[in-house]
Structure formats: structure tokens, C-alpha cells
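Engineer: Take a look at the following structure, please.
The values are calculated or read from the model by the stated rules, or taken from the named source; none is laboratory data. Predicted, not measured: the structure shown is a model, and the values here were computed from it. Ideal geometry is used to build each Cβ from the backbone, glycine not excepted, and the neighbour counts take in all protein chains shown.
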2 protein chains.
Amino acid sequence: MSYSLLEKQLKEIADLQYASAVLNWDQETYMHIKSNASRSRQIATLATLAHQKACSSELKKSIDTALQEDLNEEQKANVLIALKDYNKAVLLPEDFVNRLSIQTSKTYHSWVAARKQNEVSIFLPDLSEMIALKKEQASFFEAVHPYDALLDEYEPGATIAQLDPLFSSLKQQLTPLLQAIQNANTVDNQVLRQFYDKQQQWDFSIDVLQHIGYDFDAGRQDYAEHPFTTSFSAQDVRITTRVDEHDFSNLLWSSIHEAGHALYEQGIRDDMYGMPIGSACSLSIHESQSRIWENNIGRGKLFWKCWYPKLQQQVSGFKTTSLEQFYAAINKVAPSLIRTEADELTYHFHVMIRYEIEKGLIDGSIQVKDIKQVWNEYYQNYLGIHAQDDRDGVLQDIHWSHGSFGYFPTYTLGSLYAAQFYAFAKQAIPDLERNLELGHTKEFLKWLRTSIHAFGRRYTSDELCKLVTGTSLDTKYFFEYANKKYKEIYKF
Amino acid sequence: MSYSLLEKQLKEIADLQYASAVLNWDQETYMHIKSNASRSRQIATLATLAHQKACSSELKKSIDTALQEDLNEEQKANVLIALKDYNKAVLLPEDFVNRLSIQTSKTYHSWVAARKQNEVSIFLPDLSEMIALKKEQASFFEAVHPYDALLDEYEPGATIAQLDPLFSSLKQQLTPLLQAIQNANTVDNQVLRQFYDKQQQWDFSIDVLQHIGYDFDAGRQDYAEHPFTTSFSAQDVRITTRVDEHDFSNLLWSSIHEAGHALYEQGIRDDMYGMPIGSACSLSIHESQSRIWENNIGRGKLFWKCWYPKLQQQVSGFKTTSLEQFYAAINKVAPSLIRTEADELTYHFHVMIRYEIEKGLIDGSIQVKDIKQVWNEYYQNYLGIHAQDDRDGVLQDIHWSHGSFGYFPTYTLGSLYAAQFYAFAKQAIPDLERNLELGHTKEFLKWLRTSIHAFGRRYTSDELCKLVTGTSLDTKYFFEYANKKYKEIYKF
């Protein structure tokens, strides 16, 4: 049967991709510096082989024949998505994939060096090369705007035509909300900036992760400079976090955020290993899962009603702070320089800035040499602040060094999806908020598993959203959530 | 130029093999149990792809054309060894490689389960399958004895015709030496069986490793149940060790042994990545490097003259023990059940037992169902002892579960080569022993690097031995070393 042959072929491609993910995980956690060159070439070889297989005529033949077979609905979905993937993969020449992989590694190392010396110019030559490659990549696809072709890699179907009005509407609604917050009482978050023992922070995070359902028999948490989640199958999904003994807001919410991604991956059907239904829907849906745990749950008052007394017991430094003070502190809204440390409202301005700059870099209206200046101008205009140190400015994100242009918008989409899903979870699970107050998240995870995780890539982001909530993505859910939450905290 | 193309092809094969080694390392150190199934299939896929490339007609074509080119001596050696490898690889059908990889993983898990429950019968069905596959493997090659074909995988050129007389001569010389030791004074090693803090043991091992030249910027040490060394390039060579807080002889000499392997791999030429000269000569030469550091250096009196005062300072528990008592304790000779814990004399009986059993299993004169009984009979005959617990008996080694039949003899060969190399190192480095007394091993490592490591696979074990010492392997060096050392310790 051709479907079985197709399964075999797709699983082999997955084996190569997952093997490459193991090599990447090791590189970010335990590998030492002298191994960089050989590791880069090993990863590049795996990428090239996976690509060769993904656009091989043997694969196309199995797809075409399987389409003629009598398949069930799931099998049919797998074949159709495989065809779509093939049609995209075949447009990328092998030589290009190899060049991109090598340049990615080079650009990443330039970025690391530039950050180390706080010198943007070290990063620019390789960034230019990378952008040239990204333009080349876009040229292989038919798209209204070259940036659309890049967006499609992370968020299938996303376009500037859709995102421009979305961001513009978001900006319009965020601006008065932030104005109201700035005019209201100030919130003190100094309690988060004291000394907190590294091991105590780590142990508390492990407790929380275990409690929300992250399976430590099918994964692990390690330290890494840039927290990430990676998956080598639904049975091996690993997260990383970082710690700052003088900033409590660092480790825990990084861990919960990554655990949100990991709960999604651990909820993927293991019997669909390597098949489209056996992988995640899209980056925006992925981000919805990390954000829903990090923000809707992990920065929620209900969650902390149960966990704050435990925190006071397990981590020294919170004895004299009330739950109300703590809750306000972890939700303080203020313009800041670092995206990953931003509150859940100003966060979206960080995304919009990157979105605008990426569009400009790809369509040529922004030159690489001007990037620092453009960055600082945007931060001044959008957030009224200015980085003194480029490590807190244009050099802060790993994404461009990895060639990930078109990735940032999925962060905002994810937050919006999270709010919409959460609103419907409350309807679907009548006791949800009472359960959260008691620290019970099992029902909520179960709902996510059956409503979202188990489908994998069977539906597009938009189809899935309609299936779960009845409508396409709508910013109103995010603003209903945000208005209610911040009115209460800031009392306006 | 075909040689460049051949280089590209061989490096790609190496990339796949090294990637697989990373997946294996992770499996033995940080991976959790639920990932077993997916990890096994990922490793099997990498093995199959590497094998496909190793016996592809494209590779053969590059080899043949390169042979016609004007090459330097090193290039020529690389091509000729590549041809030899190709001629071997092409005899193994792809389907067989895949079945072997899957069965290896199954057999390993049966062995783990059998050990857990101390129940040999759990291991036997998969062991039978494995032996059937090993016989099948041998059948693809032309060899006088099927076991010769398996030996060749680990020690190119080794045969029963060579090993039978070698082991027989070894037994003949070892027996009177052991008799003399048994008739002499007894040595007390209770000092090694007290409580030694785990962290102190670890830290001391790191000090020693750094001092003998293991490069921690190109590797790392971790814990694993079965200590091993693995290499992902000369710039990433990792070791593992194990700890027992009630047996000091466990961690440190495991670490030094593995570091000996690692110093070899770190001494391989990085510019020869993926090429024959860029990999180790053979398992016996590899073992000579681990043994020379573990025994000739690490259990030597000169080494401890420098290190014992440091040990007394850094690890609690040695205050009242003299250097002489300690030195005798770490060299106590006595029959014991566990190969990896045996002294450097009785060790060879453990190897001989396995060698005899393997020969029998492969030629059919020993049945798998009788293996426990045969094992116990051999231990009674050779060492006069008997395992009460099969975990200390037939289930103790990982090798058969991995399908490694023909591997054990390289341990004995390695010790013999170590003694021979050490004897010639003393001639080549006039100050060697005075340096060792002062804790200086730099010159010794340099000698190993230039005399052995840098050649990689350019010469066979025998050619290398002749190059370094002027003659083929000769047991006399081992017995000169052993007689001198143990006469002094046991005063006979």
C-alpha cells in the first residue's frame, strides 16, 4: 500500500529532523565552544539529507498513488498536507538549503560575538548575507510581497495584507489602554528585584511544572542562555530556562512559557510520529499554548491564590509581601527595552517594531547599515525609550541570526489566540476558575489536549480557531481580558 | 578532483555517524525512559543512511578515480583504506543493517530488564536472535572461522589462529605469577571501602583529568551507568564515569581510563575529520591508550608520589593511610566476579572466559540456553569463584546486548600494547619517570600524540606497533612490567 510507504518515508524525514534537533539542543545546553564548527556541519548535513528526501521523486510518487487509495479521513488529511509540503520543498534548490544552513551558523556566531563586544558592526556583514539569502528564498515562491513568502514558513497563509490591519487595530486599542494605565496608580515591583536563591527558584519551577502536567518522564528542564522548547517525539520534549538571582520574574515564567509549548508537544499523538497530524499546527497556535499558561494562567490571580502561600514557604524573600502586592508586581505595565521581559501589553509594540523592520529589510526600504538607527527610532516612537546598550537594543534577539524572518508576528497572534481560547475554555469547563483557585489545572489541560493538541496539523490555525471558538481570530477577546484585568490592578 | 569529491562523501558519512553518536551519548546520560522507542528508530535511520552512503556506487566511483590521481602519501593512504572499508561495507545488505540496528535496541532493553529482575531468562530470546544475526553477519564475509569475521570489525586482521596461542601463552605466564602473589603477604584494601563524598571524588577526578591534558573546552565528563568515551570530532570528545560513595576505586580510575581514550580522540588530526587518518587505528590501540593512563600511569607509584598528598587534602578519608598502604591497596590482586573492577592481572581471565564463550556461541558448540551454566563453570575453573547473583555473572556486561561479539579480546591486546608502548616511552623520554614523580605528564602525552594519535588509521595495529617499538606485539613487556611491580608490592 502506498500510504504505508509514504508513512515510512515521512517518518525517515522526521528521524533526520529530530536527530538534528537533538544536536541543536546539545549545542545550546551542554556542548563546549570548540565543537562549533563540526557541529554546524553535522547539522547542515542532516538538513540537506532531510531536504533531499522531502523533495524526492519517490516521495511524490507515494503521495500521488496514496491519493488514489481508499483512505480514512485522517490518512487523507496526512496525504494532502504532505503534498502541500512537497510542493513547497521542491521549490527550494538543494544548494540553497545547504548555503542557508552554513550561513545560519555563521550569522549566529557573528551575533554572539557582536553581543559579547556590544558592537553592532560585527553582526552586519553576516546579517546582510542572511537577508540576501532570505530574499533569494522568497523569490522561489509566488507571493504578493516577498515577506509573505517568509511569513508562510512559520504561519501558513499569513500575509502582510492580513497583518497590517491587525497590527494597526491592535495599536489603536492598546494606546488608550496604556494611557489609562499610565494615568492611574503606579505599581511597585521592587519585590521581584531582591535576592532569590537559584536552587530555590529552580525547585519551585519544577514543582509548578509537575503540577500543571509537564511529564518529566518524557522530557527534562535544563539551563540555556535563550530559553526554548524542543521536541524529539511526543515522548521526548525538553525545555530550557534561565535564572537571575536578582530578578525573580526571569526563571519561573520562562519555565511556564516553555512548559506551555511542551504540553502541546507532549499532547501530540505519538501514533502519528512523523506524520502531519503528528506535528504542531503552526507557530501562532504553538505560541497560544505557551502564552495561555504563562499569562492567562501563570500571571492570573486565581493561580496565585493557590501557589503564593507555597512560594512564600519555598522561596525566601516573600514573607512580608501580600498576595495583592505580588500579583500587581508580576503584572506591572511599563515600557521596557527587552522584548522577552516585557509585560503582556507593551509586548506587542516590541513585535510590531520587529515586523515593520523585517518588512523593510526584505523589500529593501530599510538598509542593513541603518538598522541600529532605525531600531532606536522605532523604540523612541512606539515606546518612548532608547537603548543605551545595543545588547538591550538591536542585538537582543536571536531570531535574525537564525534567519528567522517572519517569526515575530506569530508571538502576537499567539497571545490573541490564547485570549480567545481561554474565553471559550471558561464556557466549556464551568468550574474552570474555581478549579484554578484550588490549583487544579488537569481539566484545563484535558480540554487543550482534546480541542487543540490532538489535531496536530490536521487544520490550519484559522480552521482550528473556528472549530474551537466558532469564529476566526478576533482581537476583542484579548481586549476584554486585558481591560478587565488591568482595570482591577490599576484601579482606573 | 575526485579526491575532493571523495573527501566530501566521506565527511558526510562521518557527519551521520557522529550525529548518531550524539544521540547515543544523550541516551546514556540525560534522556528519559519514555523516549527509548523513538530514539532507537532515529539511530537506526542514521545507521541505515550512513551504510547506504558507505556502499554507494558514487563512493566507489570516487575511490576508483582518485586512485588514478596524483596524490601525496597521506591522501593515498586515505583512499586505500576507504577502498577497504567500501569492500567490507558493500558485503552487508541494507536490510541486514536495519534488522541488526533494531535487534540491537531490543536486545539492549531485554538485557536492562533482565538485570533489573536478576533473571537471565528474560535476556535469552533476544540474545538468541542477536547471535543468529551475528552468524548471518559473519556469513557475508570470507573467513576461516565465522568468529574471525566478527573480530575483524573491532580489530582488523585479528583471528582465532592468532589469539588462541596468545591467550594460551598469557595463561601460562599469568598462572605462576598469580600463584606467587597468593603465597605472599596479603594486601589490605579496606581503605578504599570507606565513605567518600561523591562531590569530593568528582572534583578530584576533574583535577586529575585537567592535569593529564584532557581538554574540557573540547569535551566534558558526565555520569552514566556504564562509563564510556564518545567522540563527535576531535574537538568534542566526551567521557562518562560512575561513582560509589563506598568504593573509592570506582570513579577515579574509570575517569582516568576513559580520559585515556579521550586523549587519543582529542589527539586525532582535526584537519582529517571524516577521513581514515582522522579516526582511531583499532580498538586494541584505543584500549592501549586507556590502559596506559589507567594502569601504567594511574596505578603507578610515581604518579601517586605527586598526587597522594593532594588526594589526602581534597578527599576526606585518607589522613591515616600512608602512600605505601594506598599504593598497595589500589593494586591488590585477587580473583573477583566483576570484570570492570578486576585488578590488572586477573582481568585477563575475565577476557579469556568471554573469548571462549563467544567462540562457542558463534560456532554453535555452546547453546544460548546453557550460557549461565557455562559462564559459572568457566569462572569456577579460571578464577575459582562463582556468582551468586547473575548481575555479577553472565548479565554483567553490556557488550552482547549491543551485539559486540569479538570486542572483548581487544581489552587484553590493549593492555599488552600499553606495556610495550610504555617500555619504549621510557627509552624515548629519558626523564619520564622523574617527570611523573613531579606530576608532569606533558612530555608523555606529547610522545603519545606524535607516535600514535596523529597517525589515526594510517597504519594497522601491527604496523603501528612495529613503527613505535620495532617489533610486533610481544607479551614479554607486560610480564616484565607486572613481575617488577607485583614483586615489589607483594615482596616475593
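Engineer: Within the bounds of the range A:419-435, is there any residue that is β-branched (Val, Ile, Thr) and closer than 29 Å to A:Leu323 by Cβ?
Structural biologist: Yes, that holds for at least one residue.
Engineer: I'd like to know if the range B:169-182 contains one or more residues that are under 30 Å from B:Ala262 (Cβ atoms) and not in a helix (DSSP H, G or I).
Structural biologist: Within the range B:169-182 (the criterion being under 30 Å from B:Ala262 (Cβ atoms) and not in a helix (DSSP H, G or I)), the answer is no, since none of the residues qualifies.
Engineer: I've got another one for you. Examine the range B:47-68 for a residue that is assigned to a helix (DSSP H, G or I), over 17 Å from B:Ser233 (Cα atoms) and within 8 Å of chain A (Cβ to nearest Cβ), and state whether such a residue exists.
Structural biologist: The answer is yes; a qualifying residue exists.
Engineer: Still on this structure: Is it the case that the range B:431-454 has a residue that's assigned by TED's automatic domain parsing to the domain that holds B:Tyr308, touching a helix residue (DSSP H, G or I) at 6+ places or on another chain (Cβ under 7 Å) and at positive phi?
Structural biologist: yes
Engineer: Still on this structure: Limited to the range B:192-219, what total is found for residues that are among the polar types (S, T, N, Q) and within 14 Å of chain A (Cβ to nearest Cβ)?
Structural biologist: Number of matching residues: 1.
Engineer: I would also like to ask the following. Could you please let me know if B:Ile297 is crowded, with 17+ Cβ neighbours inside 10 Å, touching a residue at least 24 places away in the same chain (Cβ under 8 Å) and farther than 23 Å from B:Ala158 by Cβ?
Structural biologist: When the stated conditions are applied, B:Ile297 passes them.
Engineer: If I ask for residues that are more than 14 Å from every other protein chain (Cβ to nearest Cβ) and under 22 Å from B:Phe303 (Cα atoms), which ones from the range B:225-241 would you list?
Structural biologist: Residue satisfying the conditions is B:Thr241 alone.
Engineer: In this structure, is A:Phe140 over 30 Å from A:Asn483 (Cα atoms) and in the same structural domain as A:Ala482 (by TED's automatic domain parsing)?
Structural biologist: no
Engineer: Further question on the same structure: Among the numbered criteria (1) touching a strand residue (DSSP E or B) at 6+ places or on another chain (Cβ under 7 Å); (2) under 29 Å from A:Leu432 (Cβ atoms), which single criterion is violated by A:Arg220?
Structural biologist: Against the list (1) touching a strand residue (DSSP E or B) at 6+ places or on another chain (Cβ under 7 Å); (2) under 29 Å from A:Leu432 (Cβ atoms), A:Arg220 comes up short only on (2).
Engineer: Is it fair to say B:Ala21 is under 26 Å from the mean Cα position of the chain (by Cα) and more than 14 Å from chain A (Cβ to nearest Cβ)?
Structural biologist: no
Engineer: Which one is farthest from the other protein chains (Cβ to nearest Cβ) among residues in the range A:36-46 that are more than 16 Å from B:Gln9 (Cβ to Cβ) and either touching a strand residue (DSSP E or B) at 6+ places or on another chain (Cβ under 6 Å) or hydroxyl-bearing (Ser, Thr, Tyr) (or both)?
Structural biologist: Checking each candidate, the answer is A:Ser40.
Engineer: If I filter the range A:375-410 down to residues being surrounded by fewer than 18 Cβ atoms within 10 Å (Cβ to Cβ) and β-branched (Val, Ile, Thr), which single residue comes out as nearest to A:Ala224 (Cα to Cα)?
Structural biologist: Among them, the one singled out is A:Ile398.
Engineer: I'd like the full set of residues that are aromatic (Phe, Trp, Tyr) and loosely packed, with under 15 Cβ neighbours inside 10 Å, limited to the range A:181-215.
Structural biologist: Listed by number, the list holds a single entry, A:Phe195.
Engineer: Also, I was wondering about something else. Please enumerate the residues belonging to the range B:301-335 that are within 15 Å of B:Arg193 (Cα to Cα) and assigned to a loop (DSSP other than H, G, I, E, B).
Structural biologist: B:Val315, B:Ser316, B:Gly317, B:Phe318, B:Lys319, B:Thr320, B:Thr321, B:Ile330, B:Asn331, B:Lys332
Engineer: Going through the range B:24-35 one residue at a time, which ones are facing chain A (nearest Cβ under 10 Å) and among the acidic types (Asp, Glu)?
Structural biologist: B:Asp26
Engineer: Only one residue in A:Ser20, A:Ser4 is among the hydroxyl-bearing types (Ser, Thr, Tyr) and surrounded by fewer than 21 Cβ atoms within 10 Å (Cβ to Cβ). Which one?
Structural biologist: A:Ser4
Engineer: So which residues in the range B:1-13 are among the basic types (Lys, Arg) and more than 8 Å from every other protein chain (Cβ to nearest Cβ), if there are any at all?
Structural biologist: Of everything in the range B:1-13, just one residue is among the basic types (Lys, Arg) and more than 8 Å from every other protein chain (Cβ to nearest Cβ), namely B:Lys8.
Engineer: Here's a follow-up. On the given criteria, is B:Asp222 within 14 Å of chain A (Cβ to nearest Cβ) and surrounded by 13 or more Cβ atoms within 10 Å (Cβ to Cβ)?
Structural biologist: Criteria met by B:Asp222.
Engineer: Something else now. Being facing chain B (nearest Cβ under 8 Å), under 20 Å from A:Lys106 (Cβ atoms), more than 21 Å from the chain's Cα centre (by Cα) and modelled with pLDDT of 95 or more is the requirement here; does A:Leu16 meet it?
Structural biologist: Spelling it out, it is not the case that A:Leu16 is facing chain B (nearest Cβ under 8 Å), under 20 Å from A:Lys106 (Cβ atoms), more than 21 Å from the chain's Cα centre (by Cα) and modelled with pLDDT of 95 or more.
Yes/no matrix, rows are residues, columns are (1) in contact (Cβ under 8 Å) with a residue 60 or more places away in the chain; (2) within 23 Å of B:Val208 (Cβ to Cβ):
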residue: B:Gly414; (1), (2): yes, yes
residue: B:Ala418; (1), (2): yes, yes
residue: B:Ile429; (1), (2): no, yes
residue: B:Leu432; (1), (2): no, yes
residue: B:Arg449; (1), (2): yes, yes
residue: B:Glu463; (1), (2): no, no
residue: B:Lys466; (1), (2): no, no
residue: B:Thr471; (1), (2): no, no
residue: B:Lys484; (1), (2): no, no
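Engineer: Ok, one more. Please give the number of the condition A:Leu178 fails out of (1) of a type outside the set (D, E, K, R); (2) assigned by TED's automatic domain parsing to the domain that holds A:Gln367; (3) surrounded by fewer than 17 Cβ atoms within 10 Å (Cβ to Cβ).
Structural biologist: Failing condition for A:Leu178: (3).
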